[in-house]
1. When you scan the stretch 269-297, how many residues do you find that are open to solvent by less than 10 Å² (accessible area, probe 1.4 Å) and among the polar types (S, T, N, Q)?
2. Could you check the stretch 148-192 and list, in sequence order, the residues that are part of a strand (DSSP E or B) and farther than 27 Å from Ala90 by Cβ?
3. So which residues in the stretch 238-259 are among the hydrophobic types (A, V, I, L, M, F, W, C), touching a Lys or Arg at 6+ places or on another chain (Cβ under 8 Å) and assigned to a loop (DSSP other than H, G, I, E, B)?
4. Would you mind telling me which numbered condition in (1) closer than 30 Å to Asn150 by Cβ; (2) not in a strand (DSSP E or B) Leu350 fails?
5. Of the conditions (1) in contact with a strand residue (DSSP E or B) (Cβ under 7 Å, 6 or more places away or on another chain); (2) crowded, with 21+ Cβ neighbours inside 10 Å, Lys80 fails just one. Which one is it?
6. Taking the stretch 83-127 as the search range and keeping residues that are β-branched (Val, Ile, Thr), open to solvent by less than 20 Å² (accessible area, probe 1.4 Å) and in a helix (DSSP H, G or I), which one is farthest from Val154 (Cα to Cα)?
7. So in the stretch 219-237, with the set limited to residues that are modelled with pLDDT under 95 and either open to solvent by 10 Å² or more (accessible area, probe 1.4 Å) or in a loop (DSSP other than H, G, I, E, B) (or both), which one is farthest from Gln193 (Cα to Cα)?
Amino acid sequence: MHKRSRGLSLFGGVAILVAACGGGGTPSPSTSASASTPASQPAASASQAASASASAPASQAPQAQLKIGVVTDIGTLNDKGYNEYSFKGAEDGATAIGSVGPQSTVPKDASEYAADIQAFVSQDYNVIVTVGFNLTADTVKAAKANPTINFVGVDQSPVCVTPEGAPDPNFACKGDAKTLLPNYTSLYFAEDQAGYLAGIVAANASKTNSVGAIGGTSLCAPCVRYIQGYELGAKSVKADIKVSSAYVTNDFSAAAFNDPAGGKTFGSTFIQTNKPDVLFQVAGKTGNGVLEAACAAGILGIGVDVDQWVSIGPPNNSCIITSAEKHVQNAVRDAIIGIAGKTLQPGDVLFNAKNDGIGVSDFHDKASLFGPEVTTALQTALQGMKDGSLKTCPDTDCGVFKP
């Protein structure tokens, strides 16, 4: 078993930037919304086609009447990203257990997180789903104050609390969240596995035997895991392939995840220096600029977290061949089914290839670039991840940047 860092440095005052560590979309500001219906889900990803969901079918799911509320991060509900797929997962979960559909609230800014969570508490909701790392502290506080309500946090791991069960701003994490907050679960993902699949695609697409990856900050453990997996995946196809990588910054300044213009400049310089013909972005909105640079340079791009060919849209998706995905929709659905069946574990719950928690997106208009051998390679890798025979992260220091 390799040592796996889950990035304690992601907690606390840098949270506004950290959400981008797990989100490639670029939502626009919006006021609060309730019970909206997101846009239709994109076509199933290549990895989804290669593997069946680990969840029980709706007909076999435990039945329960639960009031489910979803507090997204700022932006819009229909953002084709974390907000949308988290809500769709709540819808799927409600349908599976025979419950009424979920309600949603979209905060207009971070100052509304706590109040929006409390609004669902005050209306006697049984399950409250909060989306993204930015909402971690307010979710932990609400879970501590309301032990009879189930809280589900999307990408809020590691759950770091004091011995009293409060959010720990000093990152000591001396409290046992599972014991102190038995009603709170954070869903997290095996980024290295998704990155590995993206690396397989990149190596097969590369004509020059040179691919690259750009992360937002070297302090972002999920970013590092994505890129570590990407390198291993690429080299599984071509052992001698050149895999160049760089991080925009070594801190959590806005440059890391919230600077598309800076990302485009950084990406352009990276391309000129390293000359990859495929470039993977792991830098949130900054990474969207990296993809712009890739398209402008006439090379291929790979998105992150969600299907960025869909979330970015034309014309800026013109060079995107796939995206490394976290299957947020599946994870939220499974969590709600687990709550109904009283089987959901508290604390950090991992979603990976074994439970269809990760994958890569469809190739969309770039499908002609790939033969059936690529689909076979992806299927084989997924099977290796499921049975534990495939290594997708270094044996030591997984998620730890080594200059």
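The values are calculated or read from the model by the stated rules, or taken from the named source; none is laboratory data. Since the structure is predicted, the reported quantities are computational estimates derived from the model, not experimental observations. All Cβ positions, even for glycine, are placed from backbone atoms using ideal geometry, and neighbour counts span all protein chains on display. Side chains are part of the model used for accessible areas, which takes the heavy atoms of the whole protein and leaves out ligands, DNA and RNA. Shrake-Rupley method; radii C 1.70, N 1.55, O 1.52, S 1.80 Å.
1. Looking only at that region, the number is 2.
2. none
3. Kept after step one, since they are among the hydrophobic types (A, V, I, L, M, F, W, C), are these residues of the stretch 238-259: 239, 241, 243, 246, 248, 252, 254-257.
Of the ones still in play, those that are also touching a Lys or Arg at 6+ places or on another chain (Cβ under 8 Å) are 241, 243, 257.
Selection gives Ile241 alone.
4. Single failed check for Leu350: (2).
5. Condition not satisfied by Lys80: (1).
6. Of all residues in the stretch 83-127, those β-branched (Val, Ile, Thr) come to 95, 97, 100, 105-106, 117, 121, 127.
Adding the requirement that they be open to solvent by less than 20 Å² (accessible area, probe 1.4 Å) leaves 97, 106, 117, 121, 127.
Of the ones still in play, those that are also in a helix (DSSP H, G or I) are 117, 121.
Details: Ile117: 14, Val121: 18 Å.
So, considering only residues that are β-branched (Val, Ile, Thr), open to solvent by less than 20 Å² (accessible area, probe 1.4 Å) and in a helix (DSSP H, G or I), the one farthest from Val154 (Cα to Cα) is Val121.
7. Leu219
Here's the yes/no breakdown for (1) at pLDDT below 95; (2) over 30 Å from Pro158 (Cβ atoms):
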site: Glu292; (1), (2): no, yes
site: Val304; (1), (2): no, no
site: Gly313; (1), (2): yes, yes
site: Ile320; (1), (2): no, yes
site: Glu325; (1), (2): no, no
site: Arg333; (1), (2): no, no
site: Pro346; (1), (2): no, no
site: Asp356; (1), (2): yes, no
